[in-house]
Amino acid sequence: MNSIQLNKQGHLKHFLGIEGLKRALLIEILDTAASFISVSEKAVKKAPLLRGKTIINLFFEHSTRTRTTFELAAKRLSADVLNFNISTSSSSKGENLIDMLRNLEAMHCDMFIVRHNAAGAPHFMAQHVAPHISIINAGDGQHEHPTQAMLDMYTIRQHKGEFAPLRVAIVGDILHSRVARSNIHALTTLGVSEVRVVGPKTLMPKGIEALGTQVFHNLKAGLRQVDVIIMLRLQRERMQGALLPSAHEYFQYYGLTEEALKVAHPDAIVMHPGPINRGVEIDSSIADCKRSVILQQVSNGIAVRMAVMAKTLGTVSEQKGTQ
Amino acid sequence: MNSIQLNKQGHLKHFLGIEGLKRALLIEILDTAASFISVSEKAVKKAPLLRGKTIINLFFEHSTRTRTTFELAAKRLSADVLNFNISTSSSSKGENLIDMLRNLEAMHCDMFIVRHNAAGAPHFMAQHVAPHISIINAGDGQHEHPTQAMLDMYTIRQHKGEFAPLRVAIVGDILHSRVARSNIHALTTLGVSEVRVVGPKTLMPKGIEALGTQVFHNLKAGLRQVDVIIMLRLQRERMQGALLPSAHEYFQYYGLTEEALKVAHPDAIVMHPGPINRGVEIDSSIADCKRSVILQQVSNGIAVRMAVMAKTLGTVSEQKGTQ
Amino acid sequence: MNSIQLNKQGHLKHFLGIEGLKRALLIEILDTAASFISVSEKAVKKAPLLRGKTIINLFFEHSTRTRTTFELAAKRLSADVLNFNISTSSSSKGENLIDMLRNLEAMHCDMFIVRHNAAGAPHFMAQHVAPHISIINAGDGQHEHPTQAMLDMYTIRQHKGEFAPLRVAIVGDILHSRVARSNIHALTTLGVSEVRVVGPKTLMPKGIEALGTQVFHNLKAGLRQVDVIIMLRLQRERMQGALLPSAHEYFQYYGLTEEALKVAHPDAIVMHPGPINRGVEIDSSIADCKRSVILQQVSNGIAVRMAVMAKTLGTVSEQKGTQ
């Protein structure tokens, strides 16, 4: 996937997934994001980098929250933003995906932020789109959610400094989670000491060890001495199938409580991609405690998305990460 | 409510309701609005006061019209605006209100314009929101609609000059009307001579006299010699309950007609918060006659909302009203 | 219709239909559009011509695609844009159309882009709107779609230079097509040599010859030696009535294939207003071939809409077309 994400000069052109990207590039994105944090903290939250650019939020899967963070990132970079909420049923009926792309290209759009329930849809679009356009994956099926992973990495670096010594646990429904997948790739690429995945057997993909992770089915065993805990959101619809018992029972075994947190490193931080289900995957008091950095993740998400947008459109210096 | 609406310096921080605000502050808002009228009349309808601010329309109750006036006010002040239409059913299912607030705060939003069917929702949000954020009430249940009251006061002052000598009648469904409630507070605070409420017994709240009003159940008696008539919109759904007979019968007793208008002062102005139901609460010819200032209310609404936005975010001088 | 579209100085005030407009004015619009093409090709796609103007997309009939091109055109001219999607059922229930207009006028809006399923709705609005406001017809019933016609003319001139020598065929459901109607008026006004309409008898309006067209029911006869082919979109709902057999059978008789295209002039261009139904009105390979200028139409559409917006609001020189 590396080849399609980078242009001939090796600079980021599309941002489709973490898999295959080099450590230096991830660090470069984090460093660029650091330079954008201040934009959202100023009285006038505007940088002119994407002025006169047209950015389209192409959401084939509904998400007010993720769309909002991309929209704010784009507007704070002074871009024009249009939101398209497309039901996949209607898009299959009418124009096909390629025809839709060609039309938006002809309108001189510069970037598509794509969320789709089919894994690979953003990659497919990147393969077919005109050369001047960038595609950003805002979540595709159970594949990747790379901006979420980068904002998670940003938040970890902010609190822990170096990646190398860290033990990180990702807890919950690993099987269906594009957040887990992108985070595993990011953490291993950035060279953390240990990546653990923790969850019930029914929600653990076969062969996940091959990605460089250690598998735990017992929460306390998985959390022992970790520096970072990434809780995943439990999709409630999973519980209607055979994969899970009740929310109550899930919480008993895999919910993050004060009790469970005790076995982690005393300085461990608690993360969650949001929105949280209080009392399902995380105890309400833990979500609000000092070790929770969940809201900092949200803030960092804006800066990380600004960085990815500015880098793919080539409006920030490409030497940032290597200076 | 005064304490939460004002900051320690006594300046407007949130705008949740008219009740409890001082006369000087209301006059200050009207004077600031006066300075914004010209912005919407220029060829380039832009003032840079809120450039780089992020304003979120949080509408838990649908209203294209009110949302539009806030959106235009914000855009003419150069702010970035995002619209969230949230069904209360879905918001109860997913994130709770506080979690939603925390997330939007973390995205460095500056202001929430809130419409909610529950009285007190904006007040609750103001109590829990981060200190740098302002909340504007765009209508909460049957409680208050303070920007509507201020645009009504602006329109009255525009036509009548002084408040002190005025007799004002508010006509219609007083019981369910947040507009009536906010207007009663504004009129009594600004010191008009008489505030009358006119309507059938079934639509008149018990003890409304305690707010400084006189109650009339006969339209002509209520309109006799008044200088200002504020008609309320009749929610048609009331007629399906036991509270009201047919629209036709309501119009016979409480509809504003040429005949009824004769008893008012010859210079009386006719107001309505819109959208009007022609032939239900107001005769079509009266809505369009020279004494109707209904459309001026709409124009003034933009300037008043600009004033409230600029004042709560502290981007206009606070001495305006006291000079 | 001429009188209402032009102001007293003879300049374009509203853009409601092609019918009745003079050749010089159409050329003027094309020339202005030519000057806007470069805006969408620059790195910073912004011209300040409509800064501080408020433009409302009033779409009583849903169309993401057309609305998007108007929205992009407006944003690239630096206007503020608001989108209203209004279901005609709800608009009939609540405010009437005139009251809606008066309210938007009072909010100091400058332009309404109107799409409506009733022929004449934009014309009706232009008759009743305040003098400073411009109305643009974005498609009304089976009447006109004038900006589509102008982008088609732009595309034809781009490829063919002069209009006079051209033979043009419009193919498909002429009866229900506002695109056909506007194009016929534009082509005859611009003085092409021949306008042919080609389609089955059930989809051919009676008396269409009176507009200066030649009628063909046989596709190959209609395409013989033409320089320009304008395919119309087939509304699939027509096939559920008695007007049409299956999509498959329609394609056999009226679908544009390589075989059918052979009889046209070797340099003939193929146009379509989009979105195309591949394999229904046009063969997929023809839609993508070198003679297809369908995507150029989309690009030109932005520039043409910018031109119409800037001209009706009087922010570009009116002498453009006559220099």
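Annotations
- Residue in the range C:230-248 that is assigned to a strand (DSSP E or B), in contact (Cβ under 8 Å) with a residue 12 or more places away in the chain and not assigned by TED's automatic domain parsing to the domain that holds C:I18 present: yes
- Test set (1) closer than 22 Å to C:E105 by Cβ; (2) in the same structural domain as B:Q9 (by TED's automatic domain parsing) - B:V308 fails condition number: (1)
- The test for being within 17 Å of B:Q214 (Cα to Cα), of a type in the set (A, V, I, L, M), in the same structural domain as B:Q235 (by TED's automatic domain parsing) and out of contact with any strand residue (DSSP E or B) (no Cβ under 7 Å at 6 or more places or on another chain) does not hold for B:A180.
- A:I55 vs. criteria within 22 Å of A:L104 (Cα to Cα), of a type in the set (A, V, I, L, M) and surrounded by fewer than 20 Cβ atoms within 10 Å (Cβ to Cβ): no
- Members of the range A:216-228 found to be among the aliphatic types (A, V, I, L, M), surrounded by 16 or more Cβ atoms within 10 Å (Cβ to Cβ) and either free of Cβ contacts under 8 Å to residues at least 40 places away in the same chain or not in a helix (DSSP H, G or I) (or both), listed by number: A:V226, A:V228
- Test: residue in the range B:236-247 that is surrounded by fewer than 20 Cβ atoms within 10 Å (Cβ to Cβ) and modelled with pLDDT of 95 or more: no
- Qualifying residue in the range A:258-272 (condition: under 20 Å from B:D99 (Cβ atoms), surrounded by fewer than 20 Cβ atoms within 10 Å (Cβ to Cβ), under 22 Å from the mean Cα position of the chain (by Cα) and touching a residue at least 24 places away in the same chain (Cβ under 8 Å)): no
- Complete set of residues in the range A:58-83 that are at the interface with another protein chain (Cβ under 10 Å from one of its Cβ atoms), surrounded by 21 or more Cβ atoms within 10 Å (Cβ to Cβ) and either out of contact with any strand residue (DSSP E or B) (no Cβ under 7 Å at 6 or more places or on another chain) or more than 16 Å from B:D80 (Cβ to Cβ) (or both): A:T69, A:A73, A:R76
- Leading residue by the ranking (nearest to the chain's Cα centre (by Cα)) among those in the range C:282-323 that are in a loop (DSSP other than H, G, I, E, B) and at pLDDT 95 or above: C:V293
- Candidates C:I136, C:I86, C:I55: the one that is within 13 Å of another protein chain (Cβ to nearest Cβ) and either within 30 Å of C:L175 (Cα to Cα) or without any contact (Cβ under 8 Å) to a residue 24 or more places away in the chain (or both) is C:I86.
- Residues satisfying the stated conditions in the range A:250-279, i.e. within 14 Å of chain B (Cβ to nearest Cβ) and touching a Gly at 6+ places or on another chain (Cβ under 7 Å): A:P275
- Among the residues of the range A:253-281, those that are in a loop (DSSP other than H, G, I, E, B) and over 25 Å from A:G161 (Cα atoms) comprise A:G255, A:T257, A:P275, A:I276, A:N277, A:G279, A:V280, A:E281.
- Applying the criterion of being among the basic types (K, R) and without any contact (Cβ under 8 Å) to a residue 12 or more places away in the chain to the residues of the range C:1-52, the residue that is farthest from the other protein chains (Cβ to nearest Cβ) is C:K8.
- Scanning the range A:274-299 for residues that are aliphatic (A, V, I, L, M) and without any contact (Cβ under 8 Å) to a residue 24 or more places away in the chain returns A:A287, A:L295.
- Test: residue in the range A:92-105 that is under 29 Å from C:P48 (Cβ atoms) and polar (S, T, N, Q): yes
The values are calculated or read from the model by the stated rules, or taken from the named source; none is laboratory data. Just so it is clear, the model here is predicted, and its values are computed rather than measured. Cβ: placed from backbone, ideal geometry, glycine included. Neighbour counts: every protein chain shown.
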